[in-house]
Structure formats: structure tokens, C-alpha cells
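Chemist: Sharing a structure below in C-alpha cells format, with a few things to ask.
The values are calculated or read from the model by the stated rules, or taken from the named source; none is laboratory data. Quantities reported herein were computed from a predicted structural model and do not represent experimental measurements. Cβ placement follows ideal geometry from the backbone for every residue including glycine, while neighbour counts extend to all protein chains displayed. Accessible surface is based on the protein model in full, side chains and every heavy atom, while ligands, DNA and RNA are left aside. Shrake-Rupley method; radii C 1.70, N 1.55, O 1.52, S 1.80 Å.
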Amino acid sequence: MKIAKNHVVSMHYTLTAPDGTELDSSAGSDPLRYLHGAGNIIPGLEKALEGKAAGDSLQVEIPPEDAYGPRQAELVQTVPKSAFQGVDQVEAGQSFRAQGADGSQRSITVLEVEEDDVKIDGNHPLAGMNLKFDVTVVEVREASEEEIDHGHVH
Ligand SMILES: [Zn+2]
């Protein structure tokens, strides 16, 4: 069975940065499962997997525009420390989940802490990066009607 829209794909993957740093991997745990054609994974990887079958391995390098998008300078902002209510100690390097104005979840990384202000970066940590994926397709099956309806794997 080949990977196409409305199929459930199980795969093992390793994600590396352009400098060779391993960023994420499913090795040693269950394969990642996703519903193909539903935007569950980044567009570049979905495109690369189209038509592949169980047992196939592939290596792809995906540019930011097909991954987590370019870095946006306007997402680096300075906010008052009071915006971090309930956080004991705000320190550079911390990351938080925050709700954006459009209701979407985004990650916020603290870049710098000054006396009353905090400089934050609202870009996805992998924005602006070329991502290398090493993927082995483990299983391909047709999705159930309920999965297609929900837009995700059960
Ligand atoms: Zn569901």
C-alpha cells in the first residue's frame, strides 16, 4: 500500500540540524503515526512521503518554507516582567507555551532578562532552519472514517 491522502503512516525518523546536531528521533520508542494529507506533519515531509510504502527509507532536506517557516524578526519582542505572572524566576533560555492573539499555541523563548523587561522570541525553535529527516516507513494503512473525520490518528 502506498502513502496517499487519508492513509495512516507509521514511521521512524531522525531529525538533524544542518550542522549535524540531532534534534529529535523516534529511535527507541514507538514509531510516529500520522494521518497523511491532513497537515499533521510539516508540508515538506508530507510531500516527500507521498507514494512511499512500508519498508522504504528516505533522506530529505527540507527548507524552512516547507517546514516551520522563516524566522520573523517582529516575533522578537521586549515585554514587561509583569507579563510572567506566576513564574518565580524568569531566566534566559526558558521556554513557555503561550496563547497567541489568534488563539493558536506558540512557544516563547526567553532571550534576555533585564531589570523590568524581558526580551522574548516567539519564533518556533526550528523556524528558519533547513531540516534533515531520515525516515523509514514502518506501516501504511487506510484511515478509518472517524480518523478522516477528526483529521488525526486514533
Ligand atoms: Zn479524534
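Chemist: Tell me, yes or no, whether the range 93-106 has at least one residue that is within 20 Å of V9 (Cα to Cα), open to solvent by 70 Å² or more (accessible area, probe 1.4 Å) and more than 16 Å from the ligand (Cβ to nearest atom).
Modeler: Looking through the range 93-106, none of the residues is within 20 Å of V9 (Cα to Cα), open to solvent by 70 Å² or more (accessible area, probe 1.4 Å) and more than 16 Å from the ligand (Cβ to nearest atom).
Chemist: Between P125, P80, which is touching a strand residue (DSSP E or B) at 6+ places or on another chain (Cβ under 7 Å), more than 16 Å from the ligand (Cβ to nearest atom) and within 22 Å of D66 (Cα to Cα)? I'd like the intermediate steps shown before the answer.
Modeler: Working: P80 fails: within 22 Å of D66 (Cα to Cα).
Exactly one residue qualifies, and that residue is P125.
Chemist: When the residues of the range 46-72 are filtered to those that are assigned to a loop (DSSP other than H, G, I, E, B) and among the hydrophobic types (A, V, I, L, M, F, W, C), which remaining residue is most open to solvent (accessible area, probe 1.4 Å)? Write out each step before concluding.
Modeler: Taking the range 46-72 and keeping what is assigned to a loop (DSSP other than H, G, I, E, B), we get 50-52, 54-56, 63, 67-72.
Adding the requirement that they be among the hydrophobic types (A, V, I, L, M, F, W, C) leaves 54, 67.
Numbers: A54: 58, A67: 17 Å².
So, considering only residues that are assigned to a loop (DSSP other than H, G, I, E, B) and among the hydrophobic types (A, V, I, L, M, F, W, C), the one most open to solvent (accessible area, probe 1.4 Å) is A54.
Chemist: Name the residues in the range 134-154 that are within 16 Å of the ligand (Cβ to nearest atom) and either β-branched (V, I, T) or free of Cβ contacts under 8 Å to residues at least 60 places away in the same chain (or both), would you?
Modeler: Correct list: S144, E145, E146, I148, D149, H150, V153, H154.
Chemist: Only one of L111, L75, L131 is open to solvent by less than 90 Å² (accessible area, probe 1.4 Å), more than 16 Å from the ligand (Cβ to nearest atom), under 30 Å from K5 (Cβ atoms) and touching a residue at least 24 places away in the same chain (Cβ under 8 Å); which?
Modeler: The match here is L131.
Chemist: Return yes or no: is H152 over 30 Å from A53 (Cβ atoms) and open to solvent by 40 Å² or more (accessible area, probe 1.4 Å)?
Modeler: no
Chemist: Now a separate question. Quick test of your reading of the structure: V9 fulfils all but one of (1) assigned to a strand (DSSP E or B); (2) out of contact with any Phe, Trp or Tyr (no Cβ under 8 Å at 6 or more places or on another chain); (3) touching a residue at least 24 places away in the same chain (Cβ under 8 Å). Name the failing condition by number.
Modeler: Status for V9: all satisfied but (2).
Chemist: Please note which strands (runs of 3 or more DSSP E) are completely contained in the range 77-154 and include at least 2 residues that are within 27 Å of E61 (Cβ to Cβ) and within 21 Å of the chain's Cα centre (by Cα).
Modeler: 105-113, 131-142
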